[in-house]
1. Using a 1.4 angstrom probe with every protein chain in place, what is the largest-first accessible-area order of Glu268, Glu500, Glu148, Glu167?
2. With point charges of +1 on the Cβ of Lys and Arg and -1 on the Cβ of Asp and Glu, referenced to the Cα centre of region 255-387, which listed residue (Val329, Thr300, Ala289) lies farthest in the positive direction of the dipole?
3. With each run of n ≥ 4 DSSP H residues scored as -39500 (n - 2.57), what mean residue ellipticity at 222 nm is computed for the chain after dividing by its residue count and rounding to the nearest 500 deg cm²/dmol?
4. What does the highest-first list of 310-318, 111-119 look like by mean Cβ count within 10 Å?
5. Order Asp209, Asp380, most accessible first, counting only protein heavy atoms with a 1.4 angstrom probe.
6. Phe166's amide H: which non-local residues (gap 5+, or another chain) put their own amide H closer than 5 Å, with H modeled 1.01 Å from N in plane and none for Pro or chain starts?
7. Only bridges with both residues in the chain count here: give the DSSP antiparallel percent, nearest 5.
8. With a 1.4 Å probe and all protein chains kept in place, how do His12, His200 rank by accessible area, largest first?
Amino acid sequence: MKPTQLTESAEHDVVVAGGGPVGLTLACELALAGTRVLVLERRTEVDRTIKAGAINTPTAEAFYRRGMLPALAGIQREALGRFSSFVAAAKAAGASGPAPAPRFAGHFAAIPLRADLFDAFDPDFGNAGPAADVGLVPQEPLERLLAERAAGLGVEFRRGVTLTGFEADDTGVTVHTDAGPVRTGWLVGCDGGRSTVRKHAGFAFPGTDPEITGRQALVEMTGAEALGAGWQTTATGHYAHGPMPGRVLTVEFDGPPADRESPVTAREIEDSLRRVTGVDVTVTAVHTATRFTDNARQATTYRKGRVLLAGDAAHVHSPFGGQGLNLGVGDAMNLGWKLAATVHGWAPDGLLDTYTAERHPIGAWVLEWTRAQVAMMRPDPHARALRAVVRDLAGTVDGTTHLVKRISGVWQRYDLPGDHPLTGRSAPDLAFADGGRLGDRLHRGRALFVDLLGDPELRASADGYGGRVEVIAADCPDRAGLAALLVRPDGVVAWAADGEGDRKGLEGALRRWFGEPRPVPLHS
């Protein structure tokens, strides 16, 4: 569907509802491409609630390709310091539990995965470059970092403003807020699992109902020395202790909470810990706490006209396996350049619809991945028997490697035209002979055509896309068989060739993703 051009009365090209990590990532991508972005966030400050504790490989790659890796490495060093303090205290108290390496810290259905069992030489782990060394990045400092980046890119960010409704037509969207109306070309709901945008637009949201109540908190307590470290399974449920001092998580199969909105109290956390662990801990203070369930739902499409969804607004599920934040960042990276191309008028027909086509299958997989874990975590004999089988498999190199590949996201691939094994996958971080790396050439958010054969005819095919595709010729001694590749702004390989380059295939990929060969103005 080719949208009608935006009326000149619009104040913004895009309004993003929700200023969490997903909304901010999307806003940064749009601003990097020269669009006028407004972020509306009902909270008045960064969310202090304890949430995601790590990022996976595609997320680390995405931020590396935008020049953010040094800042993320600094956040990880601070997190590792807290992790080390927790491990030392747990060992001193005689607590049991693994201390996995930060890159592969994780579990499947509360079965801890051993970092020493996965096959580090599996080829899927060898393409991320320095991004592979960053993973232990909690959500709160990441959100602060993204807010700073958004401000530096000129994103307008209005805090303490609540979206109350909107009307969309062929020329744009009128967004209503408690601070007055805003006219925009496009509206993207990044406003969480109970998304106002999704509900108001009428997106279908089918799925499965919850059967657990989970609680996660950062607390002060006495009696913690009797708790195990890491993930633990008991007769009544599961709990996690660490990887930072005072962090606890419980899972009980007693149905969803009666009231999701009421504050989580010290007594509630204490009672849940005692029921699950059998340890008489006493919670003396709660610094941050939240409840969660395994409600698993997904919008059937991520777009209705000029209204789109990303992150939890498009899909909800339990947090097991740490997929939620990463899934949402992947949505934002996929959508950002496509929506910007549509705003600027050079997007080929159907480009924006590839957002749902590419991201919906990844979201559907995450829902199934988390549902499988809930099924194995049930405290009934059948689930415990299945759990024992999977625990044995997870104790092998092949089993751990398979699970870690899934958790880390290195398996992900879009179903794109082309037969080359790199097509549709995250681009390998090629190390060039001059000392540069592919990831460093994507900081400006443009597509990249890399000629590794020194073929002027191939380069000429991409020369007509000035402002959209950067063209470079380089030597890459480690990938001698690779002739050339075309990398989209989100880091996905759109076309690749070995030996002699396939010029006809390249021209088709360029038109499919970047339209007709004519220069467009530069935006950054």
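1. From most exposed to least exposed: Glu500, Glu148, Glu167, Glu268.
2. Looking along the dipole axis, the top candidate is Thr300.
3. -10000 deg cm²/dmol
4. Those peptides, ordered most packed to least, come out 310-318, 111-119.
5. The ranking, largest first, comes out as Asp209, Asp380.
6. Correct list: His176.
7. 70
8. Ranked from most to least accessible, the order is His200, His12.
The values are calculated or read from the model by the stated rules, or taken from the named source; none is laboratory data. None of these values were measured; they are calculated from a predicted model. Cβ: placed from backbone, ideal geometry, glycine included. Neighbour counts: every protein chain shown. The area values use the complete protein model at the heavy-atom level, side chains included, leaving out ligands, DNA and RNA. Shrake-Rupley method; radii C 1.70, N 1.55, O 1.52, S 1.80 Å.
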